[in-house]
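This report refers to the structure that appears directly beneath it.
The values are calculated or read from the model by the stated rules, or taken from the named source; none is laboratory data. The structure presented is a predicted model; accordingly, all values stated were derived computationally and were not measured. Here the Cβ positions follow ideal geometry from the backbone for every residue, glycine too, while neighbour counts run over all protein chains shown.
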Amino acid sequence: MHRTLKPLAAVTGSLALAASLSACGGSSAASSDEKTVTVYSADGLKGEKGDGWYDKVFKDFEKKTGIKVKYVEGGSGEMVQRALREKSNTQADVIVTLPPFIQQADSKGLLQAYKPVNSDMVEPANKSADGKWTSVVNNYFGFIKNKKELPGDSPETWQDLLDPKFKGKIQYSTPGVAGDGTAVVIKAMHDFGGKDAAMAYLKKLQANNVGPSSSTSKLAPKVDKGEILVANGDVQMNFAQSKSAPNLGIWFPARADGVKPTTFALPYAAGLLDKAPHAENGKKLLDFLLSDAAQQEVSSIGGGFPSRANVQPNDANARALGRILDGVDVFTPDWADIDKNLKEYVDAWKTATGS
């Protein structure tokens with residue numbers, strides 16, 4: 001996922017960041033003493049108007065520690081590729097991506113072990129056993145629709161999306177680049193019972209698809225305005241966006257009529273980068289992201305689900321988010337298989353869709 005956003009006062013833009021890092025050098029002795037921490041992150045947690053979870057947490061973190069957060073945002077795959085290119089001269093300290101890209105970062109040797117304070121309260125499925133990464137915000141994959149143009153329960157199934165009325169009105173983000181785009185392939189493979197059946201369906205869907213998008217978050221405004229009617233997304237990001245986009249409706253395609261719709265957990269997972277230039281600052285930030293205050297604000301400010309199992313907010317957002325998942329079957333992907341075979345699955349998608 002990728003979204004271009006206005007930075008916080010405590011956060012520099014990516015261009016300014018690139019200039020400052022090239023000037024000081026990520027591994028220099030001077031940089032290790034700086035009161036900064038650099039975060040590479042998938043989008044969705046920072047608000048367009050400075051009102052997102054990252055905005056609040058980063059501001060509170062700086063106030064408490066004096067450490068400024070330098071923030072760079074892009075698609076999950078894009079952030080991993082950037083960190084990989086910089087592996088010999090690491091520029092960032094913390095990386096936050098959606099699965100399977102946090103697993104990809106780990107398998108490519110980009111992460112070092114660190115178990116943040118309170119990470120013992122995170123469910124085992126949402127963290128690595130060796131401490132290489134820990135989820136900081138829970139989330140679920142989903143789709144969005146323009147509920148003004150598509151009122152009620154329409155559409156409900158994958159089959160519904162093949163209707164000619166959706167020609168040029170469907171768009172999803174790029175598998176292999178965006179976490180949510182990759183999630184389209186993962187859910188289709190689960191719902192249709194395997195790669196070949198999923199690709200056969202996505203080939204048919206291409207007749208109605210506008211085409212790939214490197215940005216998931218930019219699809220929501222297009223759906224809200226009616227430029228397109230259906231897109232992919234995730235519950236946390238789209239729920240937050242719906243506050244200023246009243247026509248957004250979150251839904252989950254079912255395999256067929258009479259079958260429960262499905263989704264799967266797609267958490268924001270954070271890890272400390274190997275040879276991070278400000279590793280101690282990175283550890284402090286990871287601790288802060290799992291602190292009581294930050295986790296309590298995941299729903300009320302971020303529109304997401306706390307990562308810590310012992311934090312159970314009861315604010316209006318938390319209750320609304322619970323209702324969104326009512327009646328939806330949550331499955332667990334085989335992340336080890338997906339990490340191992342991701343290129344094969346993405347290549348199959350490219351072949352099926354001609355992308």
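Tally time: how many residues in segment 147-178 are at pLDDT 95 or above and either among the aliphatic types (A, V, I, L, M) or over 18 Å from residue 211 (Cα atoms) (or both)?
12
Can you tell me how many residues in segment 254-271 are more than 18 Å from residue 239 (Cβ to Cβ) and either at pLDDT below 95 or outside any strand (DSSP E or B) (or both)? Please lay out each step first, then the result.
Going residue by residue through segment 254-271, those that are more than 18 Å from residue 239 (Cβ to Cβ) are 254-260, 262, 269-271.
With the extra rule that they be either at pLDDT below 95 or outside any strand (DSSP E or B) (or both), the set shrinks to 255-260.
Total meeting the criteria: 6.
Would you mind stating whether residue 80 is part of a helix (DSSP H, G or I) and under 14 Å from the mean Cα position of the chain (by Cα)?
Values: part of a helix (DSSP H, G or I): yes; under 14 Å from the mean Cα position of the chain (by Cα): yes.
The answer is yes for residue 80.
Of the numbered conditions (1) closer than 17 Å to residue 181 by Cβ; (2) among the β-branched types (Val, Ile, Thr); (3) surrounded by fewer than 23 Cβ atoms within 10 Å (Cβ to Cβ), residue 259 satisfies every one except a single condition; which is it?
(1)
Determine whether residue 118 is of a type in the set (S, T, N, Q) and in contact with a Pro (Cβ under 8 Å, 6 or more places away or on another chain). Give the derivation first.
Details: of a type in the set (S, T, N, Q): yes; in contact with a Pro (Cβ under 8 Å, 6 or more places away or on another chain): no.
Taking the combined requirement at face value, the residue does not satisfy it.
Among the residues of segment 193-226, which ones are in contact (Cβ under 8 Å) with a residue 40 or more places away in the chain, crowded, with 18+ Cβ neighbours inside 10 Å and hydrophobic (A, V, I, L, M, F, W, C)?
Once the filter is applied, which keeps residues that are in contact (Cβ under 8 Å) with a residue 40 or more places away in the chain, crowded, with 18+ Cβ neighbours inside 10 Å and hydrophobic (A, V, I, L, M, F, W, C), segment 193-226 yields 199, 202, 205, 219, 220, 223.
Considering only residues that are surrounded by fewer than 18 Cβ atoms within 10 Å (Cβ to Cβ) and among the small types (Gly, Ala, Ser), which ones fall in segment 300-355?
Within segment 300-355, 300, 309, 316, 320, 322, 327, 336, 354, 355 qualify.
Cβ contacts < 8 Å: first residue free of Cβ contacts under 8 Å to residues at least 60 places away in the same chain, restricted to segment 98-115; second residue among the hydroxyl-bearing types (Ser, Thr, Tyr), any location; separation 6+ or different chain. Result?
115/134
Among all residue pairs at least 6 apart or on different chains, which show Cβ distances below 8 Å where the first residue, located in segment 319-333, is without any contact (Cβ under 8 Å) to a residue 60 or more places away in the chain and the second is of a type in the set (Gly, Ala, Ser)?
none
Kindly provide the set of residues from segment 213-246 that are at pLDDT 95 or above, among the basic types (Lys, Arg) and closer than 19 Å to residue 181 by Cα, ordered by number.
Correct list: 222 only.
Given 145, 165, which one is in a strand (DSSP E or B), in the same structural domain as residue 342 (by TED's automatic domain parsing) and surrounded by fewer than 24 Cβ atoms within 10 Å (Cβ to Cβ)?
Of 145, 165, the one residue that is in a strand (DSSP E or B), in the same structural domain as residue 342 (by TED's automatic domain parsing) and surrounded by fewer than 24 Cβ atoms within 10 Å (Cβ to Cβ) is 145.
Report, by residue number, each residue of segment 42-54 that is buried (at least 24 other Cβ atoms within 10 Å of the Cβ) and either outside any loop (DSSP other than H, G, I, E, B) or out of contact with any Leu (no Cβ under 8 Å at 6 or more places or on another chain) (or both).
Within segment 42-54, 42, 44, 45, 53, 54 qualify.
Restricting to segment 272-294, and then to whatever is more than 19 Å from the chain's Cα centre (by Cα) and assigned to a loop (DSSP other than H, G, I, E, B), can you tell me which residue is surrounded by the fewest Cβ atoms within 10 Å (Cβ to Cβ)?
Start the filter on segment 272-294 by keeping residues that are more than 19 Å from the chain's Cα centre (by Cα), which leaves 274-284, 287-288, 291-293.
Of the ones still in play, those that are also assigned to a loop (DSSP other than H, G, I, E, B) are 274-278, 291.
Details: 274: 17, 275: 15, 276: 26, 277: 26, 278: 23, 291: 19.
Among those that are more than 19 Å from the chain's Cα centre (by Cα) and assigned to a loop (DSSP other than H, G, I, E, B), it is 275.
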